[in-house]
Amino acid sequence: MKHLLTSVTVICGLWLAALTGVMSATEFDHGDLKVSPNHRFLMHADGTPFFYLGDTAWELFHRLTLEESKRYLDDRAGKGFNVIQAVVLAEFDGLHTPNADGDLPLIDDDPTKPNEAYFKHVDAVVDMARERGLFMGMLPTWGDKVTKAWGVGPVIFNATNAKQYGLFLGRRYRDRPNIIWILGGDRDATGVVDVWSAMAEGLREGDGGRHLITYHPSGERSSSQWFQDSSWLDFNLMQSGHGRRDGANFRMIDKDYQLTPVKPTIDGEHRYENHPVNWKPEQFGWFDDYDARQASYWAVFAGAAGDTYGCNDIWQMKTPERKPLSLARGRWNESLNLPGAGQMQYLRRLMESRPYFSRVPDQRLIVEDLPEGADHLQGTRGDGYAFVYFPQGKAAVINTETVQGNKLHAWWYNPRNGEATSIGIFKKEKTRTFNPPGSYGRGNDWVLVLDDARKWFEPPGKVMQASVR
């Protein structure tokens, strides 16, 4: 409601710190990661919430030197990411093209014969990530080594050696706290469920169950399709993909959210910044920071326990000397500063600034819900608050009755820069129309925050001091 925008804009706590690269990602003294008691979220052993904010760096171990890895990890830690997704046996001929040190990962393509020199490099990157408060979302292998389908391959895994390889990795990284295992690697598991399950069994036996395990599928799929009932799958990972603008990834999240047994779910790969839409830039253009933000807020407000950002130039660590995949057009080290990457921290801060484990998706907040399309609003609420994502700044009627409290403090939260603007405090009514700042159109996205005025919450985005909420 523009006529109510009478108060000053509040710059959210820690914003200036982030501009200088000081934002802390994760503190490992809170203990290992586990699934929350309600099975909807991730948390540390001491109860501290863990909002999974990932970045996609599939070729990190394979293509970057240690000095380049340091530059990348410094940048991502400074931007508030806390998970880096990378592959041990990489996609780009990872078995036969050596890493930056000239080493191959396996001897004679045998998963039971790892090359120690290669894994010392992986160790060093994992340890650098830990020093910066970052988890490694570590894929033991890209999927083409289990089922080729497309890509380079070759297929080298069966159920027997997959378990042995899993045992090796589990034992090697058992004492490192900053590991999340991600099986799969852009592949369906149809026909090879036994291979992936054997690898998971090896990992779990090798690390004593210390680290969480999930599975990264191909586009428009979720790990739940094959492994929902598997005891080793701690949380679901989906890939909503790169096929279209305004793709309804919130529907995929909702589908997982409704499944039993209940497990957290995350969109582990959606619209990459600087990626051609449906691989046809001449027809559809390129995804930008807005496309990445829209997918992230839709997914999290629909019930996801976190989100993964990606950039087309960075996942493949593109340089002028390397053949581009998916029409990559930028250098990885220059694309680190594309705007979308810097904006993801504001989503994490928003979610951490209100009581965490009580949050549920709630479309009842929206009186006239548009089920799909660019104007789809997505709502979520928790103990004493509610958020509604307005993707294009179009006015909407909101059902305020679902929010606790007789008086509500309303805010506009800007996903582009983390600024929170107080709209004011008003008596709760059945419905109320809210009109975001700016002109209606693509890129003018906002989050409406409604707080129970009695809670006296800090401005949205200012992270709560207490560890357990």
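The values are calculated or read from the model by the stated rules, or taken from the named source; none is laboratory data. A quick note: this is a predicted structure, and the numbers were derived from the prediction, not measured. FYI the Cβ positions are ideal-geometry reconstructions off the backbone, even for glycines, and counts take in every protein chain you see.
Observations, loosely collected:
- Near pairs, Cβ below 6 angstrom, 6+ apart or cross-chain, from region 87-99 (at negative phi) to any residue that is surrounded by fewer than 19 Cβ atoms within 10 Å (Cβ to Cβ): L95/D109; P98/L104
- The one condition from (1) under 19 Å from P177 (Cα atoms); (2) touching a strand residue (DSSP E or B) at 6+ places or on another chain (Cβ under 6 Å) that I107 does not meet is (1).
- Residue among Q392, Q465 that is at pLDDT 95 or above and of a type in the set (S, T, N, Q): Q392
- Hits in region 236-278 - residues which are touching a residue at least 60 places away in the same chain (Cβ under 8 Å) and polar (S, T, N, Q): N274
- Scanning region 374-386 turns up one or more residues that are under 22 Å from the mean Cα position of the chain (by Cα), of a type in the set (A, V, I, L, M, F, W, C) and surrounded by 23 or more Cβ atoms within 10 Å (Cβ to Cβ).
- Residue check for L73: closer than 20 Å to H216 by Cβ and either crowded, with 21+ Cβ neighbours inside 10 Å or touching a His at 6+ places or on another chain (Cβ under 6 Å) (or both): no
- Residue count for region 140-182, restricted to those that are among the hydroxyl-bearing types (S, T, Y) and touching a strand residue (DSSP E or B) at 6+ places or on another chain (Cβ under 7 Å): 3
Here is a yes/no grid of residues against (1) touching a strand residue (DSSP E or B) at 6+ places or on another chain (Cβ under 6 Å); (2) in the same structural domain as L134 (by TED's automatic domain parsing):
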{"residue": "G342", "(1), (2)": "no, yes"}
{"residue": "R348", "(1), (2)": "yes, yes"}
{"residue": "D362", "(1), (2)": "yes, no"}
{"residue": "D369", "(1), (2)": "no, no"}
{"residue": "T380", "(1), (2)": "yes, no"}
{"residue": "G384", "(1), (2)": "yes, no"}
{"residue": "V388", "(1), (2)": "yes, no"}
{"residue": "P391", "(1), (2)": "no, no"}
{"residue": "T400", "(1), (2)": "yes, no"}
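- Of all residues in region 364-389 being at pLDDT 95 or above and part of a loop (DSSP other than H, G, I, E, B), the one that is nearest to R40 (Cα to Cα): D383
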